[in-house]
Every structure is written in structure tokens, then in C-alpha cells.
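What follows is a short report on a single structure.
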Amino acid sequence: MNELVKLIEKWSKDKSLDQAESSKQMLKTVEEVGEVAAALARSDKEALKDGIGDVVVTLIILAQQNGMTLQECLACAYDEIKSRTGKTVNGVFVKESDLK
């Protein structure tokens, strides 16, 4: 995984995306998330796989544009959720504080 992230970061630099405006990268992320939703709606596993990959690529570049790495962002998110309590309701995890 780390090697793929490095390859994507290099590709981004080669295309000067690492210096581009983050808001435009976020729009690209939202576009790709829409493609994931479309793949789910159509039960298209191949399009889903491609879409999820595309979302991760856009997030790697977004992090890079802001002087962060995917690994740092994931570690931050994990630190926040690792002790979180709650329960799964209709397939969605709901934090304990939101259950009240």
C-alpha cells in the first residue's frame, strides 16, 4: 500500500497536481464519490472497485496538497474512533452521544 501511495504522489507531482488548489481537488473527490454511489445503485462491482480506488487517489492528492500524508490522516481518524462506543443501526454505526 505504501508503495502505491508513493507512486500516486509522484504521479501527482509529475502533473503539478500537488501544487493545485485544494478546493478543486475536493470537487474531484465529490465527483468520484458520486461514481461510487452510481456503481452501488447499479450493483456494478467492477465500477465500484474502480470508483473506490479513484476516491482514494483523490484523497491522497488532497492530503499531499495540504502537506499531509494519507497515513497521517488515517492515523488521526483511527485515534479518534478506536475507543468510540455506540451501536450499529440499520447498517450504520451511530456514536453513543448521538443515540441519546
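Please treat every number below as a calculation from the coordinates, not as lab data. Since the structure is predicted, the reported quantities are computational estimates derived from the model, not experimental observations. Neighbour counts run over all protein chains shown; Cβ positions are idealised from the backbone, glycine included.
In order along segment 7-24, phi translates into HN-Hα couplings of 5, 5, 4, 5, 4, 4, 5, 4, 9, 6, 6, 5, 9, 6, 6, 4, 5, 6 Hz, rounded to whole numbers, per the Karplus curve 6.51 cos²θ - 1.76 cosθ + 1.60 with θ = phi - 60° and x for Gly and Pro. Among ILE52, ILE60, the order by Cβ neighbours within 10 angstrom, fewest to most, reads ILE52, ILE60. Of the peptides 78-85, 21-28, the ranking by mean beta-carbon count within 10 Å, highest at the top, reads 21-28, 78-85. Annotation: amide H of GLY86 within the under-5 Å range of GLU96, sequence separation 5 or more or interchain, hydrogens built in the peptide plane.
Estimated from helices alone, the mean residue ellipticity of the chain at 222 nm is -22000 deg cm²/dmol (sum of -39500 (n - 2.57) over DSSP H runs with n ≥ 4, per residue). A simple rule links phi to the HN-Hα coupling: the Karplus curve 6.51 cos²θ - 1.76 cosθ + 1.60 with θ = phi - 60°, which for segment 46-63 gives 5, 5, 5, 4, 4, x, 4, x, 4, 4, 4, 4, 5, 6, 4, 5, 4, 4 Hz, with x for Gly and Pro. Electrostatic tally near THR88: other residues with Cβ closer than 15 Å to its Cβ, Lys and Arg +1, Asp and Glu -1, net +1.
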